[in-house]
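These notes are about the structure you will find just below.
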Amino acid sequence: MGIKGIQEFLGEDWSKVEALLRGSLHSSVELIDKTNAHLSSNGGKMLRPTLSLLVSKACGTLNDDCIRVAAASELLHNATLLHDDVLDDSSVRRGAPTVLSTLGAKSSVLIGDFWLARAMDLVLRCENHSREILTCFSDTVQDLVEGEMLQMTKAGNGDTTEDDYLRIIYLKTASLFKSVCTGAAIASESGSDSAAAVKKYGRLLGMAFQIKDDILDYEGEALGKPTGTDLKEGKITLPLLGAFKKMDGGQEGEIRRKVSAFPQQPEDCRVIADMVKTLDGAGYARIRLEEYVSQAKEALSPLPDSPAKGCLLELADYCGYRKI
Ligand code: FPP
Ligand code: MG
């Protein structure tokens, strides 16, 4: 069905999320208003609200609070990207210039703060369980910050192990997927067994999503953002860790030193990327990815069969095997 097909399956509920997002981004300051409208017109895959609505449908009753939680998840995600582009000095996202490159770092941070505040506002407007859902999201914001700090420290040291890598991607990506699923389950008044199942599914799905993102950074084309940026930013991700397994200690140490001395010469990055290709580091990452995808699907087994559960199973394959 694909992600667009899933959004069509969600029908009227999907349209309500889109309308709520549009209505949440108005500002009396013209520059914020115009920038938000521009960002919304190039909104990306909208994976998190799609996930959120599916979880609510699969676990309980899809009510107005579920629409608010779904929209809040997208606002929070976009807030993190506006901040992330400053940290990573990224000039292109979703095939378009970033706010960082058009308006500068200060505006990117401030507009990110605006989206974050609107996300929190939507959760606070939930008629039931707003405090519980807000706690999930604020725990995740803390995880995101910790993940980014850890990633930054490790990038400077060049000593990232596979355990460090897994911790970083849990904090910076999987934690939000987990919170989206938990928040959606709470809003839908789901039973505790279903809520526990989707919480686990969300964490595993988020791990798979980030590993695939890191593979695409070595292999992807037409992503709407440049490839090869992880190496440039000093990030040691799973494809490179996979390649290390096939090197001797001396060779690995030399590459770790080079990667930590970022920003490297483009030529050095090309040499390392070619080495990862020759040693099939992405192949190693793909094996780990498949484990996460199948564990994510397995986590859904306590849920009763339904079309929405079928879509959640499909979403696991999408996250793991997407081309962009
Ligand atoms: C993208 O990762 C970045 C994230 C998933 C998280 C960013 C989080 C923060 C900057 C924390 C602060 C946020 C707020 C709102 C307080 P990536 O750089 O690997 O992926 P990319 O290639 O898409 O940039
Ligand atoms: Mg980034």
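Brief remarks follow.
- Per residue, the accessible area of the chain comes to 45 Å² when a 1.4 Å probe rolls over the protein heavy atoms.
- Full-extension gain in nm, residue 193 to residue 153, via 0.36 nm per residue minus C-alpha separation: 10.6 nm
- What you get for the chain, charging only the Cβ of Lys and Arg (+1) and of Asp and Glu (-1), is a dipole of about 240 debye around the Cα centre.
- Base-10 log of normalised Debye intensity for the chain (one unit scatterer per alpha-carbon) at q = 0.14 Å⁻¹: -1.10
- Alpha-carbon centroids, the stretch 19-33 and the stretch 152-166: separation in whole Å: 38 Å
- Comparing Cα centroids, the stretch 115-135 and the stretch 303-317 end up 26 angstrom apart.
- Cα Rg, Dmax (largest Cα-Cα span) when computed across the stretch 173-265, Å: 18.1, 56
- Positive minus negative residues near residue 1 (Lys, Arg vs Asp, Glu; Cβ under 15 Å): +2
- Length added when fully stretched, residue 280-residue 45, from 0.36 nm per residue minus Cα-Cα: 81.7 nm
- Förster radius 45 Å - calculated FRET efficiency between residue 252 and residue 306 (Cβ-Cβ, nearest 0.05): 0.40
- Cα-based Rg of the stretch 5-57 normalised by 2.2 N^0.38 Å, two decimals: 1.28
- Distance between modelled label sites at residue 12 and residue 227, nm, 7 Å Cα→Cβ extension: 4.4 nm
- A cut-off under 15 angstrom between Cβ atoms defines the neighbours of residue 270, and their net charge, with Lys, Arg +1 and Asp, Glu -1, is -3.
- Scanning the chain for GluC sites (Glu not before Pro) lying in DSSP loops with no more than 14 further Cβ atoms inside 10 Å, the longest uninterrupted stretch between such sites is 1-126.
- Most to least accessible of 256, 48 (protein chains only, probe 1.4 Å): 256, 48
- Per the Cα gyration tensor, the stretch 79-217 maps to an equivalent ellipsoid with semi-axes of 27, 21, 12 Å, ordered largest to smallest.
- Efficiency of FRET from Cβ geometry, residue 61 and residue 124, R₀ 22 Å, rounded to 0.05: 0.55
- The residues packed around residue 49, meaning those with a beta-carbon under 12 Å from its beta-carbon, carry a net charge of +1 if Lys and Arg are +1 and Asp and Glu are -1.
- Pair residue 89, residue 271: separation of 7 Å Cα→Cβ label points (nm): 2.1 nm
- Test item: Cα-centred dipole of the stretch 2-60, Lys/Arg +1 and Asp/Glu -1 on Cβ, debye: 180 debye
- Charge dipole (Cα centre; +1 on Lys/Arg Cβ, -1 on Asp/Glu Cβ; no other charges) of the stretch 69-135 amounts to roughly 140 debye.
- Nearest-ten-degree value, helix 2-24 long axis tilted from longest Cα axis of the chain: 70 degrees
- With the helix formula -39500 (n - 2.57) applied to DSSP H stretches of n ≥ 4, the chain reaches a computed 222 nm mean residue ellipticity of -24500 deg cm²/dmol.
- Length gained when the stretch residue 324-residue 101 is fully extended (0.36 nm per residue, less Cα-Cα span): 78.0 nm
The values are calculated or read from the model by the stated rules, or taken from the named source; none is laboratory data. Just so we're clear, the structure is a prediction, and the values are computed from it rather than from any experiment. Please note: Cβ atoms are built from the backbone with ideal geometry, for glycine as well, and neighbour counts cover all protein chains shown. We work out accessible area using only protein heavy atoms, side chains counted, and drop any ligands, DNA or RNA first. Shrake-Rupley method; radii C 1.70, N 1.55, O 1.52, S 1.80 Å.
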